[in-house]
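A.B. asks: Would you mind keeping the following structure in view while I ask a few things?
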Amino acid sequence: MTRIMKKNIIICLVCSLLLASNAFGADPDSRKKKVEVIARVGYSIGGTAPLGIPATIRSIDAFRPTASIMAGADLKLSLIGSWGIMAGLHYENKAMDAEVTTKGYRMEVVKGDSRIEGLFTGHVKQEVTQKMLTVPVMLTCRLGNRVTWKVGPYISFLLDKDFSGIASDGYLRQGDPTGQRVDMGAKEGEWATYDFSDEMLDRQFGVAMGFDWRLAKHVGIMTDINWGLTGIFDKDFKTVEQTLYPIYATVGLYLCF
């Protein structure tokens, strides 16, 4: 460990001790109102989709939310009156499986040993997984003795990502609507695959809003909505024409200390 790193760690420890002494030096009632540590666990449901269904997607044939877990902790600081601020670190897994029927939908797929791009008409099966660490910073407001409203921005750092699937039961016109037709069947070996995982962003920005409802002294339930603002793909990636936003709702429990 370098001297600079040791110095930074010592500074952080000193600052933490000063903050702790300030927070815990007051009487117990004041201390409870000033600073809270909140541990959370929840289940998320939602999807990664465009705002509005484009005409090239003719129908949504199936939507299967997969296990999407959120777990983390927040530090909540009371400010003036009912207002406060809260920041934390959450682990999130945002995942979904979907199947759609398309007509003239732009895609890049792999069939056999060939990579082809064009307009696909047929059945598309899609799997999306995003595992991330999220840092929310939220303004809070107490609405009575039990309910707290919260809203603010977040940034997520992706740890693992997958956007892949299968194109089947149809055909692809290479390049444009009059291009060479490539048929794709319903069986393995006849269909085509795609994988756009490498084109996904490593960071996501968005806004979150929700409520904490305290059931007892240290226990409560939470509801949140997280809305991504930047989409999931790099801006230079043009194969998927629509911007896809991760939009998820989370319901769970929390413990406050």
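A.B. asks: For the stretch 229-241, take each phi angle, set θ = phi - 60°, evaluate the Karplus expression 6.51 cos²θ - 1.76 cosθ + 1.60, and give the result in whole Hz per residue in order, putting x for glycine and proline.
C.D. replies: With coefficients 6.51, -1.76 and 1.60, one gets 9, 9, x, 9, 10, 4, 5, 7, 7, 10, 4, 8, 6 Hz.
A.B. asks: Then there is this: May I ask for the equivalent-ellipsoid semi-axes of the stretch 2-256, computed as the square root of five times each C-alpha gyration tensor eigenvalue and listed largest first in whole Å?
C.D. replies: Numbers: eigenvalues 430, 81, 38 Å².
Rounded to whole Å, the semi-axes are 46, 20, 14.
A.B. asks: Quick one: 3J(HN,Hα) in Hz for the stretch 48-56, Karplus 6.51/-1.76/1.60 with θ = phi - 60°, rounded, Gly and Pro as x.
C.D. replies: These are the phi-based 3J(HN,Hα) values: 10, 8, x, 7, x, 7, x, 5, 6 Hz.
A.B. asks: Considering the options Val182, Ala87, Val100, tell which one lies farthest towards the positive end of the dipole of the chain, charges being +1 on Lys and Arg and -1 on Asp and Glu at the Cβ, about the Cα centre.
C.D. replies: Going by the charge dipole, the pick is Ala87.
A.B. asks: Another question about this same structure. Under the 0.36 nm per residue contour assumption, what length would be gained going from the current alpha-carbon distance of Leu89 and Ala249 to full extension? Don't skip to the answer; put the middle values down first.
C.D. replies: Numbers: separation 160, 0.36 × 160 = 57.60 nm, distance 1.73 nm.
Computed gain between Leu89 and Ala249 is 55.9 nm.
A.B. asks: What pairs in Lys76/Lys131; Lys131/Lys217; Lys34/Lys217; Lys34/Lys150; Lys76/Lys161 have C-alpha atoms more than 21 Å from each other?
C.D. replies: Among Lys76/Lys131; Lys131/Lys217; Lys34/Lys217; Lys34/Lys150; Lys76/Lys161, the Cα-Cα distance tops 21 Å for Lys76/Lys131; Lys131/Lys217; Lys76/Lys161.
A.B. asks: A follow-up question, please. Express in nm, to one decimal, how much length is gained between Asp198 and Arg64 on full extension, taking 0.36 nm for each residue of separation and deducting their alpha carbon distance.
C.D. replies: Length gained between Asp198 and Arg64: 45.9 nm.
A.B. asks: Something else about it: Give me the angle, in degrees from 0 to 90, between the Cα long axis of helix 3-24 and the longest principal axis of the Cα atoms of the chain, rounded to the nearest 10.
C.D. replies: On a 0 to 90 degree scale, this one is about 60.
A.B. asks: While we're looking at this one, here's another question. Amide H of Gly206 versus every other amide H placed in the peptide plane: which residues, excluding those fewer than 5 positions away on the same chain, fall under 5 Å?
C.D. replies: Result for Gly206 returns Tyr154, Leu229.
A.B. asks: Shifting gears a bit: With labels modelled as points extended 7 Å from the Cα through the Cβ direction, what inter-label distance (nm, one decimal) is found for Glu190 paired with Ile53?
C.D. replies: For the pair Glu190/Ile53, the computed spacing is 2.6 nm.
A.B. asks: Want the number for Asp236 to Lys34: 0.36 nm per residue separation, take away the alpha-carbon distance, what's left?
C.D. replies: The span from Asp236 to Lys34 would gain 68.1 nm if fully extended.
Only the coordinates and a few stated rules stand behind these numbers; no lab work does. None of the values given here were measured: they were computed from a predicted structure. Please note: Cβ atoms are built from the backbone with ideal geometry, for glycine as well, and neighbour counts cover all protein chains shown.
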